[in-house]
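Everything on this sheet refers to the single structure shown next.
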Amino acid sequence: MDSYSTDYYDISYPGLKLQLHLTREIGYHIVQTYIPSTLFLVLGWMGLFINPDSIPGRVGMGTTTLSAHTNCYV
């Protein structure tokens, strides 16, 4: 720890300087955020290749994708 004093007041106040080094585990974010989001995105794209006349299939896939994506972040 380094010491410092304030020079911009009328009175000089002593103090301590504290530096924290924080690190983040990137593996957690890849597994919990990026992989599920990518899978749901690809699943949503697959819905574009379903026959447009098959409305229940498209609606079911879209609903499943949205509900699974919502539950992923709760």
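Among the residues of segment 25-38, how many are open to solvent by 90 Å² or more (accessible area, probe 1.4 Å) and either assigned to a helix (DSSP H, G or I) or touching a Leu at 6+ places or on another chain (Cβ under 9 Å) (or both)?
Matching residues across segment 25-38 total 3.
What is the number of the single condition among (1) modelled with pLDDT of 80 or more; (2) part of a helix (DSSP H, G or I) that LEU22 does not meet?
The one condition LEU22 does not meet is (2).
Considering segment 41-61 alone, what residues qualify as being hydrophobic (A, V, I, L, M, F, W, C) and in a helix (DSSP H, G or I)?
Once the filter is applied, which keeps residues that are hydrophobic (A, V, I, L, M, F, W, C) and in a helix (DSSP H, G or I), segment 41-61 yields LEU41, VAL42, LEU43, TRP45, MET46, LEU48, PHE49, ILE55, VAL59, MET61.
Give the residue, chosen from TYR73, TYR8, that is under 26 Å from the mean Cα position of the chain (by Cα) and modelled with pLDDT under 75.
TYR73
Select from segment 10-19 the residues that are open to solvent by 100 Å² or more (accessible area, probe 1.4 Å) and in a loop (DSSP other than H, G, I, E, B) and list them in ascending order.
ASP10, ILE11, TYR13, LEU18, GLN19
The values are calculated or read from the model by the stated rules, or taken from the named source; none is laboratory data. Everything numeric in this text was worked out from a predicted model, so none of it was measured. Note that we place each Cβ from the backbone using ideal geometry, even for glycine, and neighbour counts take in every protein chain shown. Each accessible area value is taken on the protein alone, full model and side chains, heavy atoms only, with ligands, DNA and RNA left out. Shrake-Rupley method; radii C 1.70, N 1.55, O 1.52, S 1.80 Å.
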